[in-house]
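Input: a single structure, listed below in structure tokens.
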Amino acid sequence: MQAFTNTLPVFRREFAAYFSTPLAYVFIVIFLGLSGAFTFYLGAFFTRGQADLQSFFLFHPWIYLFLIPAVAMRLWAEERKTGTMEILLTLPIPTAAAVVGKFLAAWAFIGIAIALTFPMWLTVNYLGNPDNGVIVASYVGSLLMSGAYLAISAAVSSVTRNQVIAFIVAAVVCFLFLTSGLEIVLAFFRGWAPAFFVDVIAALSFVTHFEGITKGIIDGRDVLFFIAVIAVSLFINVGLVELKKGG
Amino acid sequence: MSELINLSGLTKRFGPITAVDNISFSVNRGEVLGFLGPNGAGKTTTMRMLTGFLPPSAGSASVAGHDVVNDTLEAQKKIGYLPEGTPLYGDMTPAAFLEFVADVRNLKAPERQQRIDDVVAKVEIEDVFYRPIETLSKGYRRRVGLAQAILHDPEVLILDEPTDGLDPNQKHQVRSLIRNMAKDKAIVISTHILEEVEAICTRTVIIAQGKIVFDGTPGDLLAQAPTHNAVCIRVPRARAGQVKTAIESVPDVARVEHKEDSDGRTTLVVFPSRGRAIIVDVSQRLTERALAVDEIGVLQGRLDDVFRRLTLEP
């Protein structure tokens, strides 16, 4: 696997970079705060009277919508801006290894943030007898979905040297993936587009695939969908870095 | 194999602009090649192609026998590279950064720690080893950049303006560092500081508008100066005419220029034909005719003049 030589050093460097600035701590605090607040206030965790984490996972797609592009925006835009991309890509590191190393580092970081929501899980187990299989599946689904958001945002970050642009464009692209399954978007297409096209749009929706998993129905296709989005985005990311190296 | 770098018809176009136009040269082990040219001549672009950062539009380049396009990774393993302006990860310390580079360069214990210690001592960054790079001065940053370039003791060293922005002491230090490494490596240094060429380079390639306009030793370059081997004589004004006539008939003297100085003396500049050394003949003639002069000396020629002539020619 020569294309992935030196993925590990890139991973380690990037991962450490998150914790060498306040970014990591700010992100984790905001993520935990928001996911908690949404669960208890908007999600009506207590009044629902159900021992599950549905109202917790329900908001993940929306929290990720702006938090993940914030994590990913620096991945490539910063390298481009400061010129360190020239160091990175003239060391014996294949572009694919750099892309995957950076992605995995950011994903691992988000994974830590997600893992730190474990008090939620403890709480619900203390209050009742939830189906822990469903909760584990939901966590896996949430992690996969965050990976899809992240891969898209990382690819967007590689075309600009401006982190603000990277953030906004990534958020918009993620928003399109998020909402493509909602009736408000589908209704727009239903009027004129052929039925199969509407189905394709709906099939690209993060919400549709994520909801399937959080209801405890682990469908191989949902998992495969997120993995495919990650793979395709990373592939595009490699292409964009190669294409725009000098510029 | 003594030829470590080979460029053959290397060309880079950015849209309608040809930044590097059909450049060919090679560098052998033991050579320090000064790569000169005005700003925007294509030095950096050439170096970026050589290090596998930019793909060439045409032509090819190889490092230690590895093609930089088809065998990029192997070529990059042989190269130590200091990019222009020394971009570095500001949030890292030199310690963490060198560990990262050591990982990437696949340096293994026990040699690994030894290499890091060695390099840190060589470029003298012990004092700032644990401070974030973004807080370091330009000189220290440059040295950290140099440290990462030489960490794996590469056969090929490519340094883009290694002394740019350093103070004279730091420049001296970097130059002796380069000179000490030179004998078993091929080194390419881009610069627009001409004194640097005389100080460390064994060979000079000058490019202008993407094309090679000179390839030879710094001595060859100096020989192209119009004042090379010219003789400068200062005499009291009263005797100037006499001296001038005496010298003009010396063999190999092409012409004599004179200039009245404010202190009542005249400076005569004697230009040789075809750059020959004429000082002996000239002084002999003066002795024969018993003409005393106040000063006599050989002009070395100025690199600046040659540089300007070579790079401004259309």
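The values are calculated or read from the model by the stated rules, or taken from the named source; none is laboratory data. Every value quoted in this text rests on a predicted model; they were computed, and no experiment measured them. Please note: Cβ atoms are built from the backbone with ideal geometry, for glycine as well, and neighbour counts cover all protein chains shown. The protein model used for the area step is the full one, side chains on, heavy atoms only, and it has no ligands, DNA or RNA in it. Shrake-Rupley method; radii C 1.70, N 1.55, O 1.52, S 1.80 Å.
Quick look at the numbers
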| read-out | value |
| --- | --- |
| Segment A:44-139 - percent of accessible surface contributed by carbon and sulfur, probe 1.4 Å | 68 percent |
| Positive-end residue, the protein assembly as shown charge dipole about Cα centroid, Cβ charges, pick of B:Ser24, A:Gly147, B:Tyr81 | B:Ser24 |
| CD proxy at 222 nm, helix term only [per DSSP H run n ≥ 4: -39500 (n - 2.57); per residue of chain A; nearest 500] | -24500 deg cm²/dmol |
| Mean accessible surface per residue for the protein assembly as shown, computed with a 1.4 Å probe while every protein chain stays in place, in Å² | 44 Å² |
| Simple Cβ-charge dipole of segment A:2-246, Lys/Arg +1 and Asp/Glu -1, about Cα centre, in debye nearest 20 | 560 debye |
| For segment B:143-160 and segment A:185-247, distance of Cα centres in Å | 44 Å |
| Difference of contour (0.36 nm per residue) and Cα-Cα distance, A:Leu143 to A:Ala51 | 31.0 nm |
| Area of B:Arg179 that stays accessible when all protein chains are in place (1.4 Å probe, Å², to 10) | 120 Å² |
| Chain B: most fluctuating residue of B:Ile207, B:Ile150, B:Ile278 per GNM, C-alpha cutoff 10 Å | B:Ile278 |
| HN-Hα J in Hz across segment A:43-55 - Karplus 6.51, -1.76, 1.60, θ = phi - 60°, x for Gly and Pro | x, 6, 3, 7, 5, 5, x, 10, 7, 8, 10, 3, 6 |
| For segment B:103-117, Karplus couplings with θ = phi - 60° (6.51, -1.76, 1.60), whole Hz, Gly/Pro x | 4, 5, 7, 6, 7, 10, 4, x, 4, 4, 5, 4, 4, 4, 4 |
| C-alpha long axis of helix B:279-288 to longest principal axis of chain B, angle in ° | 20 degrees |
| Positive-end residue of B:Ala102, B:His192, B:Tyr130, charge dipole of chain B with Cβ unit charges | B:His192 |
| Label-to-label distance, nm, for residues given as A:Phe19 and B:Arg237 (7 Å Cα→Cβ offset) | 8.2 nm |
| Shielding by partners, peptide B:232-243 (average Cβ within 10 angstrom, other chains) | 0 |
| A:Val164/B:Asp263 FRET efficiency (R0 60 Å; Cβ-Cβ; nearest 0.05) | 0.35 |
| Label-point separation in nm, B:Asp305 to A:Ala108, each point 7 Å along Cα→Cβ | 6.2 nm |
| Shielding score for B:61-73, defined as the mean number of other chain Cβ atoms within 10 Å | 1 |
| Peptide-level mean, for B:99-109, of C-beta atoms on other protein chains within 10 Å | 4 |
| Filter on B:Lys183/B:Lys211; B:Lys77/B:Lys122; B:Lys43/B:Lys171; B:Lys43/B:Lys122 - keep pairs with C-alpha separation over 23 Å | B:Lys183/B:Lys211; B:Lys43/B:Lys122 |
| Cα long-axis angle, helix A:60-82 against chain A (0 to 90 degrees, to the nearest 10) | 10 degrees |
| Set of aspartates and glutamates with alpha-carbon distance to A:Lys245 below 14 Å, sequence-local pairs under 8 removed | A:Glu78, A:Glu79, A:Glu86 |
| Simple label model, 7 Å out from Cα along Cβ direction - B:Ile279 to A:Leu243, nm | 6.3 nm |
| Selection from A:Phe235, A:Gly128, B:Cys232 lying farthest towards where the dipole of the protein assembly as shown points positive, charges on Cβ | B:Cys232 |
| Total charge dipole magnitude, the protein assembly as shown, about the Cα centre, Cβ charges on Lys, Arg, Asp, Glu only, Debye to nearest 20 | 560 debye |
| Rounded to the nearest 10 Å², the accessible area of B:Met181 at probe 1.4 Å | 20 Å² |
